[in-house]
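The structure under discussion appears below in the form of structure tokens.
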Amino acid sequence: MDKSFRFQTSLKHARGFGSGKSGTTHFWQQRVTGVAALLLSLVYVVLLIKLQGDDYPAVVATLGNPFVAVLMLAFLGVSVWHMKIGMQVIIEDYVNQPLLRVLALMVNSFFSALVGIASAVALIKITFGA
Amino acid sequence: MADARLAASRPLSPHLQVFRFILTMAMSIVHRITGGFLYVGTVFVAVWLVAAASGPEWFARVDGLYQTWIGRLILLGLVWSLIHHAIGGIRHFAWDLGYGFDPKTANLFALFNLVAGLVLTGIVAVAAFIFA
């Protein structure tokens with residue numbers, strides 16, 4: 001059929017049915033985590049300034065505050081996801097050798113997961129008062 | 001895979017080095033580089049948090065490393081990366097919404113990104129110094 005008679009637009013393909021079968025998911029996740037990280041990073045920077053010069057008990061008390069812990073967990077969670085899918089794009093752009101590319105993508109996932117889990121365990125341990 | 005000799009005889013598309021240097025181009029790559037810095041920088045945050053969760057001795061050890069001049073320099077670089085990348089992100093949101101594509105606005109916003117990133121980093125550094 002002539003293209004001009006079609007009622008379908010390319011949006012159909014963009015929404016989940018492109019060649020990668022993921023459509024605009026990656027793009028959209030990058031934006032959502034970007035907005036979240038932008039807002040939460042304000043809290044993070046203020047916290048960083050506040051913690052300057054604090055001794056150990058003061059730092060643990062601040063990080064153990066449930067409000068701080070929740071916001072920090074949220075910040076680290078969205079940041080780790082944002083950086084994971086961001087680094088994925090960088091790898092896909094620059095690493096052309098297939099095996100190396102797959103390995104780099106895997107290492108990216110492992111690194112991001114490890115950083116996220118380590119930070120989360122530490123924050124949860126502190127906030128539950130251990 | 002394509003034959004190597006054949007690939008070599010094909011005309012190459014213009015690559016990075018043939019373009020005249022422009023600010024938006026530089027800010028684009030700096031956005032990606034600061035993202036890369038922040039990627040590595042999360043290790044510093046994770047290690048610091050794990051140290052804090054592991055008790056006063058570990059915390060003192062890690063915090064001591066971060067207090068050295070090279071540690072402070074790295075942390076300041078990461079603060080700049082975060083702020084620069086955040087403002088760069090706002091530029092991307094503006095473009096996503098369809099604003100700021102004309103060269104004049106794009107250049108102005110790129111310059112703003114660079115200057116505001118440095119100024120805000122300075123303000124954070126001074127604030128941190130006052131609190132310390």
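What follows draws every value from the coordinates through simple rules; no lab data is involved. Here the structure is a predicted model, which is why all the values come from computation and not from measurement. Because the Cβ atoms are built from the backbone with ideal geometry, glycine has one as well, and the counts that use them run over all protein chains shown.
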Query raised in the report: Computed FRET efficiency, Cβ-Cβ of A:Leu100 and B:Val43, R0 22 Å: what is it to the nearest 0.05?
Result: 0.45
**Report entry** Two-decimal ratio, region A:11-127, of alpha-carbon radius of gyration to 2.2 N^0.38 Å
**Finding:** 1.32
Requested in this report: Send over the semi-axes of chain B's equivalent ellipsoid, whole angstrom and largest first, taken as the square roots of 5 times the C-alpha gyration tensor eigenvalues.
Outcome: 38, 24, 13
Report task. Give me the distance in nm between label points sitting 7 Å out from Cα along the Cα-to-Cβ direction at B:Phe101 and A:Val89, one decimal. Result -> 1.7
Query raised in the report: Which net charge results for the neighbourhood of A:Arg101, defined as the other residues with beta-carbon distances under 13 angstrom from its beta-carbon, given Lys and Arg at +1 and Asp and Glu at -1?
Result: -2
Query raised in the report: In peptide A:41-50, what is the residue-averaged number of other protein chain Cβ atoms found within 10 Å of each Cβ?
Result: 4
Query - Theoretical FRET efficiency, 1/(1+(r/R0)^6), r = Cβ-Cβ of B:Leu23 and A:Lys50, R0 45 Å, to 0.05 - result: 0.80
Report summary line: region A:20-63 and region B:56-132 have their Cα centres apart by a whole-number Å value of 13
Query raised in the report: Using the alpha-carbon atoms, what tilt in degrees (0 to 90, nearest 10) does helix B:56-67 show relative to the longest principal axis of chain B?
Result: 50
Report task. Just tell me how shielded B:39-51 is by partners: mean number of partner chain Cβ atoms within 10 Å of each residue's Cβ, no decimals. Result -> 6
Report task. Please report, in Å, the Rg and the Dmax of the protein assembly as shown, where both are computed over Cα atoms only. Result -> 22.0, 74
Report summary line: For region B:95-108, Karplus-derived ³J(HN,Hα) couplings (6.51, -1.76, 1.60; θ = phi - 60°; whole Hz; x for glycine and proline) come out as 5, 4, 7, x, 9, x, 8, 5, x, 5, 5, 4, 5, 5
Report summary line: Sorting B:Leu78, B:Val45, B:Met25 by the position of each Cα along the dipole of region B:23-131 (Lys, Arg +1; Asp, Glu -1; all at Cβ), the one nearest the positive end of that ordering is B:Met25
Query raised in the report: Given only helices, namely DSSP H runs of n ≥ 4 each adding -39500 (n - 2.57), what is the per-residue ellipticity at 222 nm of chain B, to the nearest 500 deg cm²/dmol?
Result: -28000 deg cm²/dmol
Query raised in the report: ³J(HN,Hα) across region A:82-87 via Karplus (A = 6.51, B = -1.76, C = 1.60, θ = phi - 60°), whole Hz, x for Gly/Pro?
Result: 4, 6, 5, 6, x, 5
Query raised in the report: Which value in deg cm²/dmol, rounded to the nearest 500, describes the helix-derived mean residue ellipticity at 222 nm for chain A, given -39,500 (n - 2.57) per DSSP H run of n ≥ 4 and division by the residue count?
Result: -26000 deg cm²/dmol
